[in-house]
Amino acid sequence: MAAIKGDSRIKLLDAAEELFARKGYDATTTREIAAKSGDTLGTLNYHFGSKRNLLEQILQRRFVVVAEGRERYYRDACAEGTDGRPSLDGVVRAIALPYFDLALSGDPGWRHYVALLSRIREAGDDDLQRFYFNFAEPTMRQGMIWLGEAMPTASPRALAYCYEFSTMLALGTCTDIARERLHKLSDDPASGDDAHRHALLSFVVNGVRAVLDQDLLRADPAKAHPVKAARR
């Protein structure tokens, strides 16, 4: 029996999100998505028109929530900053932590979403990479602007490195598979997600500082100095 019309769009989005995360975008067919959702291929085409548009709608509906989380962390960074600038640590939290927080929220949809993003970012499909970049570029640019506010002397190249590495690490380590692997490698099955979150943030923050310090050294060796953590 087909899904009730009011629920069909959400069920199709949820089904596609899970299948794309598990199998990959290219390996998943629209017939599989329709079957998993309990609806028909005709309904899928009615709501979305194409598989690519379906993917865009999946990304968009959760991206809004990620952006809201980043804004909250950014406001905290501004509150703890000095001289009218947000704190560097706070900006890094704004970039890296929303994905992690949402993936561990208990909602399986968010676990599927971060797994899907990890798959897309690692995909060898140039067309899919261009599609994702065009979709996410405004958010990427915003993250670089925030980093630039915290470190006004940083070059665009350094800001791009810091943003991309922070996002890659956050997404790559908050999937179910990555968390299970970390628990096994640490020989500590009881190691909780709080410890994982703290280690991730420490690693990313210190990595960002190192990149920015190298950038400063390259620009003017006489002015190079370690980028210090903001006071909390």
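The values are calculated or read from the model by the stated rules, or taken from the named source; none is laboratory data. Predicted, not measured: the structure shown is a model, and the values here were computed from it. With ideal geometry, Cβ positions are generated from the backbone for all residues, glycine too; neighbour counts draw on all protein chains shown.
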Kindly indicate whether Leu159 is of a type in the set (A, V, I, L, M, F, W, C), touching a Cys at 6+ places or on another chain (Cβ under 8 Å) and modelled with pLDDT of 95 or more. no
Is it true that Leu117 is within 23 Å of Asp14 (Cα to Cα), surrounded by fewer than 20 Cβ atoms within 10 Å (Cβ to Cβ) and either touching an Asp or Glu at 6+ places or on another chain (Cβ under 7 Å) or not small (Gly, Ala, Ser) (or both)? no
Return the only residue of Ala150, Ala103 being closer than 17 Å to Tyr74 by Cβ, of a type in the set (A, V, I, L, M), out of contact with any Asp or Glu (no Cβ under 7 Å at 6 or more places or on another chain) and in the same structural domain as Ser202 (by TED's automatic domain parsing). Ala150
Among the numbered criteria (1) in contact with a Ser or Thr (Cβ under 8 Å, 6 or more places away or on another chain); (2) over 20 Å from Ile95 (Cα atoms); (3) not polar (S, T, N, Q), which single criterion is violated by Leu200? (2)
May I ask you to verify whether Tyr163 is within 15 Å of the chain's Cα centre (by Cα), aromatic (Phe, Trp, Tyr), under 20 Å from Arg70 (Cα atoms) and surrounded by 20 or more Cβ atoms within 10 Å (Cβ to Cβ)? yes
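Might you check whether a residue that is within 25 Å of Gly192 (Cα to Cα) and either at pLDDT below 95 or more than 10 Å from the chain's Cα centre (by Cα) (or both) occurs anywhere in segment 121-140? Give the steps one after another, and end with the answer.
Narrowing segment 121-140 to residues within 25 Å of Gly192 (Cα to Cα): none.
No, every residue in segment 121-140 fails to be within 25 Å of Gly192 (Cα to Cα) and either at pLDDT below 95 or more than 10 Å from the chain's Cα centre (by Cα) (or both).
For segment 1-114, list the helices (runs of 4 or more DSSP H) that sit wholly inside it and hold at least 2 residues that are touching a residue at least 40 places away in the same chain (Cβ under 8 Å); which are they? Give the steps one after another, and end with the answer.
Values: elements: 5-23, 30-37, 41-48, 51-80, 88-103.
Qualifying helices (runs of 4 or more DSSP H): 5-23, 51-80, 88-103.
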